[in-house]
Amino acid sequence: MSPALIARPHVELGRHPVSLEDLMADMARQHADLPRLAAYLRTARSTGVLTRYFTRPLDSATVAGNASFQERNRAAYDDALELSLRAVPRALENAGLELADIDCVITSHTTSWTAPSLDIDLVQALGRDGLRPDISRIPLGSQGCAGGAQALALAHEHIAAHPGAHVLIVVAECLSAATYNPVDTSRESMIYKVLFGDSAAACVVSGREAEGAEGAEGGGPRFRIDDTWQYALPGSLTVYEGRLDTYGLHFDSTREATRAIGRTAPALRAWLDEAGAPSTLDFCVVHAGGPAILNSAAEALHTGSESGPDGAEHGRTGPLRHSWDSLEQYGNLGGASVLDVLRRSFDEPEPGHRGVLLGFGPGFAISGCMLSSV
């Protein structure tokens, strides 16, 4: 079988860093009359996200302002496309490839709706620089935070069907236009305002070796996808969901969200056993969704206690340390998050080490990849 080798991802962030204190002050100003505001802000502060990056300033109309749905939708898409076009050349450089070498592009983008979608825009824009018009395209439009993991799983499947193919993955989300909306005042909404950041991540998955795949962002091993897994938790349609109204796109969740990973743990462990995972994983690449997500994932993966960046040494040195660092420094990047965690993981595993990559998406759905360092 043709191998599915992942070159180091590249991540492009929004141009505007926004501190936790900036957000706290703006939320206190906008929602001064909200009952239980102080309690909501304390909860939001506990996310551990110190900085996140927005594509537009905090005080812009499509972030903290009263822009229409149409304006927010357009801004989210235009900015996602711009970030994607910045990320792709660096990802190709890391893979030692040119645009003309790419056989398939897989895109994931959830924070706006357009037709044509991101895959077509990329083919048109990058076609001037060598991307072929006859490549295969797999656009994902509602995967949310599972987008990066799902794209990797689909790349593995594409290479199995087309041995030797080179697959370009692009995941772009401008969450500030969706989650930082002044009409959203629930406890969960206040957490989301602090939690999310804007980015695009790109990487190449190859079915054959390429020259110069050490990449401009450093050498180290590459990762091979050995197996993939998908699981949709029964009865979980409203655990995480998107909602459209005249004000824009909103993300909602229930309190069951904090228990969803635990409910999938038996199925996850069964897959890991079937895939031949070691009893103690050598590394874990887990979507940096928030402290509750990471602690639940650590418990499900039997990695031991994970306390996160505030505290405790294990959060800095344990198997999920790159996820905690990504969360603290960039926030939850949606589907791009797991690719940022993967990027951070490239320098460490020894050849032959085995680990798992997991993304968690709406409905509560999991996409997973069993990885080996090669």
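Read the figures in this text as sums done on the coordinates, not as results from a lab. All values derive from a computational prediction rather than experimental measurement. Note that each Cβ is placed from the backbone with ideal geometry, even for glycine, and that neighbours are counted across all protein chains shown.
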Sorted by chain and number, the residues with a modelled amide H under 5 Å from that of residue 222, at a separation of 5 or more or across chains, are 374
Over the Cα atoms of the chain, each weighted equally, I'd like the Debye log10 I(q)/I(0) at q = 0.06, 0.10 Å⁻¹, rounded to two decimals.
-0.20, -0.57
Cα convex hull of region 223-373: mean projected area in nm², to one decimal?
9.2
Tell me, what is the percent relative contact order of the chain, built from C-alpha pairs under 8 Å that lie six or more residues apart?
26
Just to confirm a number: summing +1 for Lys and Arg and -1 for Asp and Glu over residues other than residue 132 whose beta-carbon lies under 14 angstrom from that of residue 132, what do you get?
-4
What is region 5-206's relative contact order, in percent, from Cα pairs under 8 angstrom and six or more apart in sequence?
35
Relative contact order (%) - region 223-373, alpha-carbon pairs under 8 angstrom, separation at least six:
35
Radius of gyration, Dmax [region 1-151; alpha carbons; angstrom]:
18.9, 62
Considering only DSSP beta bridges whose two residues both sit in the chain, what percent are antiparallel, to the nearest 5?
75
The answer for residue 332, listing residues at least 5 apart or on another chain whose modeled amide H is closer than 5 Å to its amide H, is 196, 197
For a footprinting-style exposure proxy, rank 168, 339 by other Cβ within 10 Å, fewest first.
168, 339
Sort 56-64, 252-260, 273-281 by packing, meaning the average of other beta carbons within 10 Å per residue, with the highest value first.
56-64, 252-260, 273-281
Taking amide hydrogens as modeled 1.01 Å from N in the peptide plane, which residues meet the under 5 Å criterion relative to residue 137, leaving out close sequence neighbours?
105
Cβ under 15 Å from residue 120's Cβ, residue 120 left aside: what net charge do those residues give with Lys, Arg +1 and Asp, Glu -1?
-1
If you find the alpha carbon centre of region 224-243 and of region 113-188, how far apart are they in angstrom?
17
How much net charge surrounds residue 277 when only the other residues with a Cβ under 13 Å from the Cβ of residue 277 are counted, with Lys and Arg +1 and Asp and Glu -1?
-3
Taking θ = phi - 60°, what integer Hz values does the Karplus form 6.51 cos²θ - 1.76 cosθ + 1.60 yield along region 175-185, in sequence order, with x for Gly and Pro?
6, 4, 6, 9, 9, 9, 10, x, 7, 8, 10
346, 364 arranged by Cβ crowding within 10 Å, fewest neighbours leading
346, 364
Ignoring everything except DSSP H segments at least 4 long, calculate the 222 nm mean residue ellipticity for the chain; use -39,500 (n - 2.57) per segment, divide by total residues, nearest 500.
-11000 deg cm²/dmol
Sorted by mean Cβ packing within 10 Å, highest first, what order do the peptides 114-126, 86-98, 2-14 take?
2-14, 86-98, 114-126
